[in-house]
Amino acid sequence: MTFRFLPLLAFFAALVTSGSGASLPAASAVAWAEEGYGYAYNVKTIEEAERLALESCRKNGCSNNIRILTSSPGEGHAALAVDGSIMGAAVGFPDPNSARERAVQECLNNGGKFPRVILTWYDRGY
């Protein structure tokens with residue numbers, strides 16, 4: 001009876017251990033406008049991430065001067081920090097603390113005085 005499941009177990013073991021050791025595609029991007037922001041993650045390419053981030057920003061009510069704040073081609077931690085309509089973003093960082101710290105610093109660099117982190121995620125690939 002247990003032998004019946006061996007092919008299935010072998011398949012899942014091969015799936016888990018297969019690959020060249022390279023990380024999976026995990027592009028992220030953050031778009032911003034004075035009216036709001038949008039983001040995308042866990043997609044194959046930076047181009048796709050940026051396109052989806054811009055679309056997300058438009059869906060969130062952005063219409064004027066939308067721009068990409070940051071993007072990354074690989075997996076990693078990400079964070080968004082804001083102070084009113086001023087934003088800082090970080091994507092593709094090795095740990096959550098460094099992503100938060102960079103997002104806060106970017107918000108300060110953009111003119112923020114008291115930034116707070118409003119969103120974090122980990123893009124591990126799909």
Checklist entry - What are the residue pairs meeting all of these: first residue in the stretch 80-93, first residue in contact (Cβ under 8 Å) with a residue 60 or more places away in the chain and surrounded by fewer than 24 Cβ atoms within 10 Å (Cβ to Cβ), second residue polar (S, T, N, Q) and part of a strand (DSSP E or B), Cβ atoms under 8 Å, and 6 or more apart or on different chains? => result GLY92/SER28; GLY92/SER72
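For the stretch 109-126, give me the residue count where each residue is aliphatic (A, V, I, L, M) and surrounded by 16 or more Cβ atoms within 10 Å (Cβ to Cβ). Spell out how you get there, then give the answer.
Within the stretch 109-126, the subset aliphatic (A, V, I, L, M) is 117-119.
Still in the list and also surrounded by 16 or more Cβ atoms within 10 Å (Cβ to Cβ): 117.
Residues flagged as aliphatic (A, V, I, L, M) and surrounded by 16 or more Cβ atoms within 10 Å (Cβ to Cβ) within the stretch 109-126 amount to 1.
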Checklist entry - Restricting the search to the stretch 73-110, which residues are within 20 Å of ALA27 (Cα to Cα), of a type outside the set (Phe, Trp, Tyr) and in contact with a Lys or Arg (Cβ under 8 Å, 6 or more places away or on another chain)? => result GLU75, ALA79, ALA81, GLY88, ALA90
Checklist outcome for this item: Counted residues in the stretch 103-114 being within 19 Å of the chain's Cα centre (by Cα), within 9 Å of VAL82 (Cα to Cα) and of a type outside the set (A, V, I, L, M) come to 1
Checklist entry - Does the stretch 50-79 hold any residues that are of a type in the set (Gly, Ala, Ser) and crowded, with 18+ Cβ neighbours inside 10 Å, and which are they? => result ALA53, SER56, SER71, SER72, GLY76, ALA78, ALA79
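None of the figures in this text is laboratory data; all of them are computed from the coordinates on show. Remember, predicted model here, so these are calculated numbers, not experimental data. Note: ideal-geometry Cβ built from the backbone for every residue, glycine included; neighbour counts use all protein chains shown.
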